[in-house]
Every structure is written in C-alpha cells, then in structure tokens.
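The block underneath contains the structure these notes are about, expressed in structure tokens.
The values are calculated or read from the model by the stated rules, or taken from the named source; none is laboratory data. Predicted model, so just to flag it, every value in this text is computed and none were measured. Note: ideal-geometry Cβ built from the backbone for every residue, glycine included; neighbour counts use all protein chains shown.
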Amino acid sequence: MAANSPRTAATLALISDDMQEVDKVIASRLTSSVALVGDVARYIISAGGKRLRPSLLLLMSGALQYQGAQRFNLAAVVEFIHTATLLHDDVVDESTLRRGRPTANENFGNPASVLVGDFLYSRAFQMMVDTGNMRVMQVLADATNVIAEGEVQQLMNTHDASLDEAGYLGVIRSKTAKLFEASARLAAILSDSPPAIEQACAAYGQALGTAFQVIDDVLDYDGDAQEMGKNLGDDLREGKVTLPLIVAMQRGSDAERALLRRVIETGSTDELPAVIDIVRRTGALIATREAAATQARLAMEALSPLPSNSYTEGLLQLAAQLLERRV
C-alpha cells in the first residue's frame, strides 16, 4: 500500500506522534559497544519501508483506547524482529537490492548481516522481558518461532514446480502474516481486551498480512522496479514459487507449463519476459489479485466487533488500500 495515497496518509497521520516515540525507542535500543552492530542495524532501519507492523500495533491500540507507553516499546520490538528477518532473508536469497539501495549483506557482507540479525532478535527479547507480561512474551516467542519455521519451509519449497496454493499460503501465514497477527494481538493484550476482541484483532492481522504478501508476489511480475526498489523477477531467480506462477501452471498450455517448470527448477531469469507474458495471458495476475482481495475483505470483516472510532476506520482503510496497491 502506497504511503503517498491520501487515505493511507490520513490513517498514518493518526499515529504520527506515536511513531516518533517508537523511533526514539528504536534509536535508544540500537546502542552497542560493538560499532559494526549499530552500523548495520541503523543502515537497514534507516532505509525506511512501510513500518506496517508497528503501525498496525499503534492503530489497534488506538482503536482499543490503550494509551500506555508499552505500545511504543512493543512497536519497536516487532520492528526489530521484522528487521532481523530481512537481514537473514537477504543473505539466504542472495539479494542485492532492497528499498532502492544495496542490501546490508551487499554492503557489509553475509557474516555481519547474519550476526546483526541475531543481535536484533536478542535485543527484541530483552525488550519483551521489560514488559513483565508473560502473555506478551508468549505471543512474541511463538510468533518468532513460527516465522523461523516458515523460513525453513520456504527454503524446502524452492525450485519445486509442484507446489500448490495450500502450500504457498501455509508459508505466507507463517513467514509474513504471523508477525502482523502478533502485532494486532498485542494491542488487545495490552488493553486487557476480552478473548473475543483479541481473536478479532488476530484475525484482522493475519488476513491483512496474507493479503499484503500475496499482492507483493503479484508485483514481482507486474510492478515498477524503480518504484518498488527491488529487481523484478527476484522471486523467480530465488526459486520462489508464488501464486502467479502456481495459477499460470494450472491454466497454461503444455508448452507453457514446460517452460514455467524449467525456469522454476533452474531459477533462470533469461526467459523472464516470456514468463511475465504467460502469467498475464493466463489471467494469473488477476486471479492472484482476487485472492488478495478476498483476504483484505476478511480483514475488514474481522474489525466488526471493535469500537467505532477514527483508528478502527484507519484499519479499515489499510485493508481497503491493499486492493489498489501497485508498489
């Protein structure tokens, strides 16, 4: 979802002061006696990004009328966990570009990226302990473990042309949606909301995170590389079998399926224009956007038990904007 969209900008304006407090927490907790730790961590965090996970926690806190300072601490925690996964992901995927500039592993090398990712994970767990809330620690510990399992499952699925939609969605829900789910759930825990509200928040987070990742996978074949800040076809090169390819495999001719199978198994991007042509002609991009729209609508429906206020309206707008996301 583009932050420059008027509706998204209006939603994020609701938490602009809160996000400044989160930035202060992030800056204060990135300190280390080892200079390289701070250098790498600040490099990737300063790259910007959408900050969706901390934004989600802050918006949900507002919707549930929680104003305690722990929301700033936990918003920084989820951003640290997310940043750690990015550092590790880019090493595993051998990525060279993220958010329009060289990845941390490209700049500092793989060992530094992996080890600073470990530092961010461990610093996040130190900050969790500061809450003194066992339920908070349980949710974040479980989420971090599920994310790691999702990463390993995705690794096992690479270059597997037989992967189906269920297997694909399983990875997304572990690898991406779980931290969205945890971010939303944490707001309910902090506000001492009843179980039904907590579950509604978690359902919103999971559906929003799933929709976000599905659209992200569309954009690898249908986006603008300069605006996205990443190389088109990266998923294909990394052997990631995403929904556009899965649908194209189902709908394509024998010859088209053979070509897709070959590029999936080899990770070659030499035939990327032909692959993009196939996913477009088979309607795979349209079908994938429809799958994302279904998840976005589920997210919107999940908000029905929440109080009616500007923050809840902002959460609705975040889900609605996914239907229009192009970068």
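Just need a number here: residues in region 289-327 that are of a type in the set (D, E), under 15 Å from I215 (Cβ atoms) and in a helix (DSSP H, G or I). Don't jump to the end; show me each part of the working.
Our first condition is that a residue be of a type in the set (D, E); within region 289-327, this holds for 290, 301, 313, 324.
Now drop any that are not under 15 Å from I215 (Cβ atoms), which leaves 290, 324.
This time we only want the ones that are in a helix (DSSP H, G or I), so: 290.
Qualifying residue count for the region: 1.
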Subject >> Odd one out for Q65 among (1) modelled with pLDDT of 95 or more; (2) buried (at least 20 other Cβ atoms within 10 Å of the Cβ); (3) outside any helix (DSSP H, G or I) >> reply: (2)
Original post:
Only one of these conditions is not met by V40: (1) surrounded by 16 or more Cβ atoms within 10 Å (Cβ to Cβ); (2) touching a Lys or Arg at 6+ places or on another chain (Cβ under 9 Å); (3) among the hydrophobic types (A, V, I, L, M, F, W, C). Which number is it?
Top reply: (2)
Original post:
R71 is checked against (1) among the charged types (D, E, K, R); (2) buried (at least 16 other Cβ atoms within 10 Å of the Cβ); (3) more than 19 Å from V25 (Cβ to Cβ) and fails just one. What number does that condition carry?
Top reply: (3)
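Which one is farthest from L87 (Cα to Cα), of the residues in region 117-142 that are in a helix (DSSP H, G or I) and small (G, A, S)? Lay out the reasoning, then the answer.
Start the filter on region 117-142 by keeping residues that are in a helix (DSSP H, G or I), which leaves 117-131, 134-142.
Next, only the ones that are small (G, A, S) stay: 117, 122, 124, 141.
Working: G117: 6, S122: 14, A124: 15, A141: 19 Å.
It comes out as A141.
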**OP:** Would you be able to say whether some residue in region 19-27 is under 20 Å from the mean Cα position of the chain (by Cα), surrounded by 17 or more Cβ atoms within 10 Å (Cβ to Cβ) and touching a residue at least 60 places away in the same chain (Cβ under 8 Å)?
**Re:** no
Original post:
Taking region 98-116 only, how many residues are surrounded by fewer than 17 Cβ atoms within 10 Å (Cβ to Cβ), part of a loop (DSSP other than H, G, I, E, B) and without any contact (Cβ under 8 Å) to a residue 60 or more places away in the chain?
Top reply: 1
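Residues checked against (1) at pLDDT 95 or above; (2) closer than 22 Å to Y204 by Cβ:
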{"position": "N110", "(1), (2)": "no, no"}
{"position": "S113", "(1), (2)": "no, no"}
{"position": "V139", "(1), (2)": "yes, yes"}
{"position": "D164", "(1), (2)": "yes, no"}
{"position": "G167", "(1), (2)": "yes, no"}
{"position": "V171", "(1), (2)": "yes, yes"}
